[in-house]
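Just below is one structure, and these are the notes that go with it.
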Amino acid sequence: MRVRRRSTPKGRGLAVTDWRVPLSDLDYGSEEANAVQRVIASKWLSMGPEVHAFEQEFAAMQKAEHALAVSSATAGIHLALLALGVGPGDEVIQPALNFVAAANMTVAIGATPVFADICCLDEPTIDPSEVERVISPRTKAVVVMHYGGSLCRMGELTELCAAHGIAIVEDACHAVGVAYHDARNRWPTGIMAGSIGDISAFSFFSNKNIASGEGGMVVTNRADLAERVRLLRSHGMTTLTWDRHRGHAASYDVVNPGYNYRLDELHAALGRAQLKKLGRNNQRRRNLLGSYRQAVQSLAGWTMPFADTVENSSGHLMVIVAPDPDVRERAVRALRQSGIQSSMHYPCIADFTGFTAGSGENLELTRQFTRRAITLPLYPTMDSDRIKEIVEVLRAVDAKPEER
Ligand SMILES: Cc1ncc(COP(=O)(O)O)c(C=O)c1O
């Protein structure tokens, strides 16, 4: 796509976009600029005080024992699986409706992804009964993903995995800053997404609710897992350059082979500025989802997943399900012609060329969902008038059935 520069709404600097209404947009301002300036003035760029403070603040928000900053959520999922001891010959059950990171990391460590279907089109998160069906003696972990910021059925999944001695990894990339609500009250309210399973990973990629460009956080309440992740993220070394700089250590040992998955100070400082805005911005997202919900009700045959539980979501994505794949295609075209960006979260992983050798059966609902779902614009600074405009484009598509 050709890239065009336009002024930001407040006239500060230039933004890069080609869409009149983009899918997502940053809420960046003087807080982020000051954060970067602070790091530059400190002349310390690698893992140091900003990373440490970000970890502390994130752990406090999560009400979790340990938060470990990493270079991306993909790195975090990799380390989570390694810390759990998953390896060659093991199976990791996970949704095929996900970004490919967890599946890729499963394969990277020599294990096999086993895909489980979603609950239904209104609740496109992993179905606990499908997980139960595919559990085998080789199952070592289940990765769950809180789609769009609405949580999986964690009560059922937790009981199931505990009964089978299987670990839970939460891919919590969509669900930062959201507490779990269990309809059957099996969990105390207030427990945060990402603090429910054994270990979790968050992403701070550019389009996430906390956006720093790249970056991630691993969260766990288990000291053993935290210690392994801490070592693995920095080459298995017992001390950091920062420790040695401060005179806290003179040398280091390498206790196991590891990686460079460290986060740098600039990204940590941006993450801290964004974390301060998270509560307000997640609420703005929920308000916009509420407006979308109202508008979508007037569209015959279209549905909105998790429509009844918008208030319990981080509001990461606005997804709508078209009456059929043909209407979906025409709607995407009409949106594009109106300068409105849309997307689809996600193609079925089992259908990617690199994954077709794996288990791809029994994903009927996942495949139906991917053929009918559209992701619409949603970001904290979005004007709610845009929603009416977007829904009118969809209504006009519906009004022309003869073109189907
Ligand atoms: C659900 C999900 N999982 C994993 C990832 C990977 O995150 P990162 O880009 O930080 O590695 C993403 C990011 O797009 C995501 O949305």
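Each part reduced to its alpha carbon centroid, the range 327-403 and the range 273-297 end up 20 Å apart. In the context of the full protein assembly, residue 44 retains an accessible surface of approximately 40 Å², using a probe radius of 1.4 Å and ignoring ligands and nucleic acids. Per-residue accessible area (protein heavy atoms, 1.4 Å probe) orders 32, 389, 311 as 311, 389, 32, starting from the largest. Spin-label model, residue 244/residue 122: points 7 Å from Cα along the beta carbon direction are separated by 5.9 nm. Residues whose amide H comes within less than 5 Å of that of residue 139, counting only those at least five positions distant or on another chain, are 91 (H built at 1.01 Å from N in the peptide plane).
Taking the 1.4 Å solvent-accessible surface of the range 106-210 as the whole, the part contributed by carbon and sulfur is 51%.
Per-residue SASA remark: residue 118, around 0 Å² accessible (1.4 Å probe; ligands, DNA and RNA not included). Protein heavy-atom surface of the range 228-322, 1.4 angstrom probe: 50% of the accessible area is carbon and sulfur, with nucleic acids and ligands not counted. Compute the distance in nm between two label points, each set 7 Å from the Cα along the Cα-to-Cβ direction, one at residue 385 and one at residue 132. Spacing of the two 7 Å Cα→Cβ label points: 5.2 nm. Extension gain for residue 37-residue 253 works out to 74.4 nm (0.36 nm per residue, less the C-alpha to C-alpha distance).
With only the Cα atoms considered, the range 135-220 has a convex hull volume of 93 Å³ per residue. To one decimal place, what Kirkwood hydrodynamic radius in Å is obtained for the range 43-139 from all pairs of distinct Cα atoms? When all Cα pairs of the range 43-139 are included, the Kirkwood radius is 15.5 Å.
In terms of overall dimensions, the range 201-328 has a Cα radius of gyration and Dmax of 21.3, 68 angstrom. A 1.4 Å probe run over the protein chains yields, for the range 221-281, 53 Å² of accessible area per residue, whole-number rounding. Rounded to the nearest 20 debye, the dipole size of the chain about its Cα centre is 1440 debye, using +1 on the Cβ of Lys and Arg and -1 on the Cβ of Asp and Glu. Across the options 83, 168, 70, the greatest Cα extent toward the positive end of the charge dipole of the range 60-212 (unit charges at beta carbon of Lys, Arg, Asp, Glu) belongs to 70. Each residue of the range 236-253 was assigned a 3J(HN,Hα) from its phi angle through the Karplus expression (A = 6.51, B = -1.76, C = 1.60, θ = phi - 60°), giving x, 7, 7, 9, 9, 3, 4, 4, 6, 4, 7, x, 7, 7, 9, 8, 8, 10 Hz with x at Gly and Pro. Modelled label positions at residue 18 and residue 57, each set 7 Å beyond Cα in the direction of Cβ, lie 3.5 nm from each other.
Here the range 118-199 is treated with +1 on each Lys and Arg Cβ and -1 on each Asp and Glu Cβ, and its dipole about the Cα centre works out to around 180 debye. The residue list 40, 291, 193 was ranked by how far each Cα lies along the charge dipole of the chain toward its positive end, using unit charges on Cβ atoms, and 40 comes out on top. Measuring nothing but alpha carbons in the chain and taking Rh as the Kirkwood radius, the Rg to Rh ratio lands at 0.97.
Put 398, 117 in order of accessible area, highest first, and with a 1.4 Å probe you get 398, 117. Given axes a ≥ b ≥ c from the Cα gyration tensor, I'd like to know whether the range 273-363 is rounded (a/c under 1.5), prolate (a/b larger than b/c) or oblate. Because a/c hits 1.5 or more and a/b fails to exceed b/c, the range 273-363 counts as oblate. One decimal place: the segment residue 276-residue 223 gains 16.4 nm when fully extended, by the rule 0.36 nm per residue minus the C-alpha distance. If R0 is taken as 25 Å, the Cβ-Cβ distance between residue 352 and residue 260 corresponds to a FRET efficiency of 0.35.
The values are calculated or read from the model by the stated rules, or taken from the named source; none is laboratory data. Since this is a predicted model, take the numbers as computed values, not measurements. Neighbour counts run over all protein chains shown; Cβ positions are idealised from the backbone, glycine included. The protein model used for the area step is the full one, side chains on, heavy atoms only, and it has no ligands, DNA or RNA in it. Shrake-Rupley method; radii C 1.70, N 1.55, O 1.52, S 1.80 Å.
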